[in-house]
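Working notes, structure below.
The values are calculated or read from the model by the stated rules, or taken from the named source; none is laboratory data. What you see is a predicted model; the values in this text were computed from it and never measured. Glycine also receives a Cβ, built like all others from the backbone with ideal geometry; neighbour counts cover every protein chain displayed. With ligands, DNA and RNA removed, areas are computed over all heavy atoms of the protein, side chains included. Shrake-Rupley method; radii C 1.70, N 1.55, O 1.52, S 1.80 Å.
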Amino acid sequence: MSEVTKIKGIGDEKAASLSSIGINSVSDLLEYFPFRYEDYELKDLADVKHEERATLEGKVHSEPVVRYYGKKKSRLSVRLLVGRFLITAVFFNRAFLKKQFSLGQTVTVTGKWDQHKMTLSASEIAFASHDPEGTIEPVYPVGGDITVKAIKRYIQLALQQFANEIEESLPPQMLERYKLMDKREAVQTMHAPQSHDHLKQARRRFVYEELLQFQLKMQLFRKRERENTKGSSHVYKRSDLDEFISSLPFPLTGAQDRVVEEILKDMESPYRMNRLLQGDVGSGKTVVAAIALYATYLSGNQGALMVPTEILAEQHFESFEDLVGNTLNVELLTGSVKGKKRRELLERLATSEVDLLIGTHALIQDEVVFKHLGLVITDEQHRFGVKQRRVLKEKGLTPDVLYMTATPIPRTLAISVFGDMDVSTIDEMPAGRKPIETYWAKPDMLSRVLDFVTKELDQGRQGYVICPLIEESEKLDVQNAIDVHAQMQTALPHYQVGLMHGRLTSDEKEAIMEAYSQNDVQLLVSTTVVEVGVNVPNATIMVIYDAERFGLAQLHQLRGRVGRGKDQSYCILLADPKSEVGKERMQIMTESNDGFVLSQRDLELRGPGDFFGRKQSGLPEFKVADLVHDYRVLEVARNDASALVESTAFWEDDAYRRLRTYLMNEGVLSGEKLD
């Protein structure tokens, strides 16, 4: 559609102001939708709840009274008869209204209702009966020198002059299948809804359109990635792999079995694998990774496993030595491996003497060269930047890639953020694991908590104490790790108390973790450094200070550091949350040990942007759709998009032309950009 200056009434100066809020064309303006709506529909006072916003119509029952207080502040109150109720309407700092009231006059007031005092704190008033037209008022986001009044006027002008030029962007069969409102009517309804139901239908149409367009982009990226990057088919004797699986110390769970088959199927195909493996803490992802790496070895290729920290790299190295070390040549490469040892290791890697290399970011440095890299696994993948993952991919010719994460991601976000990947989920725990018992205690119960910690330590076990910040912060009244460490040393004089935080060098962290895993340190006071992957089966107690400052997913990750051995484990949340959301979070933690349940609740409580942290989330910004509430539509849109990109009709039928044009403009389809 044309530039915004084509609208009569909008000149260059106004166009520049509109451009500052991202409106450059007529279609930008027409699709500049309200972010919420004010409801001015008349309510029956008997149906209005306490503290609800309401619009009421009543008759003036007594003379208004004005009281002045403070400097130039005033409170005007007037009694109104609303149906059979006599109420008081209160206006702050609007004494000038007094002269406009007259007894018996009908007025319409909008404001917040206090049921206990039978008072309405009024924000708006009309000295007339209620007008049933325009009871749902759109509220637009504005910025710069654009006012709400101005944006409404510009949108009105655009609708008057260009509504007939709004073209349908969805094919007729989709409008029919889902009984969707056509685009012209939907645009008009978003700006001037006649009823709530009408608005709901218009919104439903745009939610589907936005999510379909987004999923089409995702599915095309995925299709192109799959077809343009020829992977290597892993060819090996399945009986050799089955022999390895049956030699494992414990049988696979049903979920592990299913996930292994999904991964092996990808590895055997000619396309490059691009798969996310997610599973709760302790669900057995390491064993699945070992099976995939063993299959890589059997097919004559090398494997690489990249993790975010040196501690984790060492732990994985030990685990894989136990699992596959008898057959595979497993090596560890971190920043600490230097000099001659490093040179020799790199030479052996380049000649294929090393079958599996485990390490940190050191794996992606230029001098690290693999001879036949067949499979790359990254653990806790959203801790790596996209760039680092890409460099690793390019090391081999076309290695398969498996991303592992113990942060369960709700299906909605997995589809959105990782929509260009296949997702495998281990949603079953190994048999015999005792669920961790979780309790919520107020800070004034600390001495009882310490008694409990002492009892566990007296039985030869170990524990963690987690604090959110390292040192005093002016903003947050948070117990810092350094203070807590001193406090614990005083409270537990017979035990060794360690301190771990992000400011320590990696050698210092290493030494502390080594002492802790050898039980030379019985209680470890730490910031969230300890969150990822640390494995000490003798640790049975976890105390988390200021637990309300953490999200559910993070609390669950921390809790997963205990409960790794045969003994019953406990997690105690020290928290005094002031908000309802904070209290609900503590409640949910004590009720559920299931990371997927928690992550879904976390998403509902925090919203999708905060779930990953808005900056690195890669989440798209939608005008109308909401990933949390519209997840069912997202599922439908994904299935439709997936079917469309594989169908001939999508590429040839005129009905899909507008969708193809959209994808060209987004740079997803080759061809010149279309206006």
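Report yes if some residue within the range 38-49 is in contact with a strand residue (DSSP E or B) (Cβ under 9 Å, 6 or more places away or on another chain), open to solvent by less than 20 Å² (accessible area, probe 1.4 Å), in a loop (DSSP other than H, G, I, E, B) and over 30 Å from Y154 (Cβ atoms); otherwise report no.
The answer is yes; a qualifying residue exists.
Could you please find all residues in the range 279-329 being more than 23 Å from L252 (Cα to Cα), out of contact with any His (no Cβ under 6 Å at 6 or more places or on another chain), outside any helix (DSSP H, G or I) and open to solvent by 10 Å² or more (accessible area, probe 1.4 Å)?
Result: G300, P308, T309, N329.
If you check G667, G609, which single one turns out to be at pLDDT below 75 and either exposed (fewer than 14 other Cβ atoms within 10 Å of the Cβ) or in a helix (DSSP H, G or I) (or both)?
Going through G667, G609 in turn, the sole match is G609.
Go through the range 476-504 and give me each residue that's assigned to a loop (DSSP other than H, G, I, E, B) and open to solvent by 40 Å² or more (accessible area, probe 1.4 Å).
Scanning the range 476-504 gives L476, D477, Q479, P493, H494, Y495, Q496, G502, R503.
What's the number of the condition P408 fails, among (1) surrounded by fewer than 22 Cβ atoms within 10 Å (Cβ to Cβ); (2) at pLDDT 70 or above?
Tallying (1) surrounded by fewer than 22 Cβ atoms within 10 Å (Cβ to Cβ); (2) at pLDDT 70 or above, P408 fails exactly one: (1).
Can you tell me which residue is least open to solvent (accessible area, probe 1.4 Å) among those in the range 182-241 that are in contact with a helix residue (DSSP H, G or I) (Cβ under 9 Å, 6 or more places away or on another chain) and without any contact (Cβ under 8 Å) to a residue 12 or more places away in the chain?
It comes out as H198.
Output the residue which, of all residues in the range 340-363 that are open to solvent by 40 Å² or more (accessible area, probe 1.4 Å) and part of a helix (DSSP H, G or I), is nearest to E508 (Cα to Cα).
Within the range 340-363, the match that is nearest to E508 (Cα to Cα) is H361.
Taking R205 as the residue in question, decide whether it is in a helix (DSSP H, G or I), closer than 18 Å to F622 by Cβ and not acidic (D, E).
Here the answer is yes, as R205 does meet what is asked.
Return the residues of the range 563-580 that are closer than 15 Å to T438 by Cβ and modelled with pLDDT under 90; say none if nothing qualifies.
Scanning the range 563-580 gives a single hit, G563.
Got a number for residues in the range 232-276 being closer than 24 Å to G565 by Cα and in contact with a strand residue (DSSP E or B) (Cβ under 9 Å, 6 or more places away or on another chain)?
So the count comes out to 3.
Any residue at all in the range 192-208 that is in contact with an Asp or Glu (Cβ under 7 Å, 6 or more places away or on another chain) and at pLDDT 90 or above?
Yes.
Among the residues in the range 148-170, are any closer than 30 Å to V66 by Cβ, at pLDDT below 90 and surrounded by 11 or more Cβ atoms within 10 Å (Cβ to Cβ)?
Yes, the range 148-170 contains a residue that is closer than 30 Å to V66 by Cβ, at pLDDT below 90 and surrounded by 11 or more Cβ atoms within 10 Å (Cβ to Cβ).
Would you be able to say whether some residue in the range 248-256 is under 22 Å from I426 (Cα atoms), free of Cβ contacts under 8 Å to residues at least 12 places away in the same chain and in a helix (DSSP H, G or I)?
no
Collect the residues in the range 95-117 that are surrounded by 14 or more Cβ atoms within 10 Å (Cβ to Cβ) and without any contact (Cβ under 8 Å) to a residue 40 or more places away in the chain, keeping them in residue-number order.
Hits for the range 95-117 are A95, L97, K98.
Can L659 be described as of a type in the set (A, V, I, L, M), surrounded by 17 or more Cβ atoms within 10 Å (Cβ to Cβ), modelled with pLDDT of 85 or more and under 30 Å from P537 (Cβ atoms)?
No, not satisfied.
Taking E57 and the conditions (1) on the phi < 0 side of the Ramachandran plot; (2) open to solvent by less than 60 Å² (accessible area, probe 1.4 Å), which numbered condition does it fall short on, given that it satisfies the others?
Tallying (1) on the phi < 0 side of the Ramachandran plot; (2) open to solvent by less than 60 Å² (accessible area, probe 1.4 Å), E57 fails exactly one: (2).
Answer yes or no as to whether K583 is open to solvent by 50 Å² or more (accessible area, probe 1.4 Å), part of a helix (DSSP H, G or I), modelled with pLDDT of 90 or more and more than 29 Å from E227 (Cβ to Cβ).
Yes.
Quick one: in the range 505-523, of everything that is hydroxyl-bearing (S, T, Y) and at pLDDT 85 or above, which residue is surrounded by the fewest Cβ atoms within 10 Å (Cβ to Cβ)?
S517
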